[in-house]
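A short reminder: the numbers here are calculations on the coordinates, not readings from a lab. None of the values given here were measured: they were computed from a predicted structure. Note: ideal-geometry Cβ built from the backbone for every residue, glycine included; neighbour counts use all protein chains shown.
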Amino acid sequence: MGLFNNKNKKDKKPAAPVEDEANMSGWNAITAEFERIYPNQTEPKHFGTLIPWRLGGPNPLDGISFYDGGDFWHCVTFGLSELYEKESEDKEYSGYGMEFTFKLKKSCYSIEDEENELKTIFGNLDNLAKLTFENDELFLPDEYVYTGQTTGIDRNQRSKLTGFITAADPLANTLDTPNGRVEFVEFIGVTDSELKAIIDKKISVKELREKLGTDVTDYMRDSVI
């Protein structure tokens, strides 16, 4: 993904391998929160990894679920917090204390591309999670992620959106799970010119988010700056 702007770090490491995963209290807490938001969706679209990071696999995320928000998909990651047994010594936070979310407007891609577009989101969020696992990078609300890339974050790399800003997901509540606190950090796609305006201090992340008027990412939109 290139260069990511985030200097916040926390001395946490990925959870150690779990021999008995019968305890899914962390995972279940996330699922329960999204079933609160989408009460009729007990079987959302879900992509998982064959061998998760904690068992030697290449993907930090155990999985990602996509909930139907009507005109958008609302996805949530599983893997940055402690999904199973409590392994870290930090009693306040579960793992890194966060999971990622992302909302994608359905009308910005063809229905034939939907499966691949959702998989691309998994890839993007998994790459962000890898920065956390490898470099202890924490992503907090009201930050920006400048990748330096000129191609879009969509599957076909045609979008003008090349990076992200972050926000506290307004739909998902912070959780106090049996393994500690989990916050939901939402990523919103933004253009290169919008990111450069933030870097040059012409606009703040919060001001840009207000200017966008929505936290739903639309691959087809033009820059607002």
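A few remarks follow.
- Furthest towards positive pole of dipole, I111, S223, L80, structure part the chain, Cβ charges: S223
- Dipole in debye (nearest 20) - the range 55-142, about Cα centre, beta carbon charges: Lys, Arg +1; Asp, Glu -1: 200
- Most mobile listed residue (D71, D62, D126) in the chain, GNM with C-alpha springs under 10 Å: D71
- Extension gain, A32 back to D113 (0.36 nm per residue minus Cα-Cα distance, nm): 26.2 nm
- Taking the square roots of five times each eigenvalue of the Cα gyration tensor of the range 181-225, the equivalent ellipsoid has semi-axes of 19, 14, 9 Å, listed largest first.
- Note: relative contact order over the chain, using C-alpha pairs below 8 Å and six or more positions apart, is 23 percent.
- Distance between the 7 Å Cα→Cβ label points at K106 and N127: 2.7 nm.
- For the chain, the Cα-based Rg and Dmax, in that order, read 16.9, 51 Å.
- Given charges at beta-carbon only (K, R positive; D, E negative), |dipole| of the chain in Debye: 780
- Judged by the mean number of other Cβ atoms found within 10 Å, the most tightly packed of the peptides 189-196, 41-48 leads the ranking 189-196, 41-48.
- Size of the range 96-158: Rg and Dmax of its alpha carbons, in Å, are 13.2, 37.
- Most positive-pole-ward Cα, P58, Y96, L140, against dipole of the range 49-154 from beta carbon charges: P58
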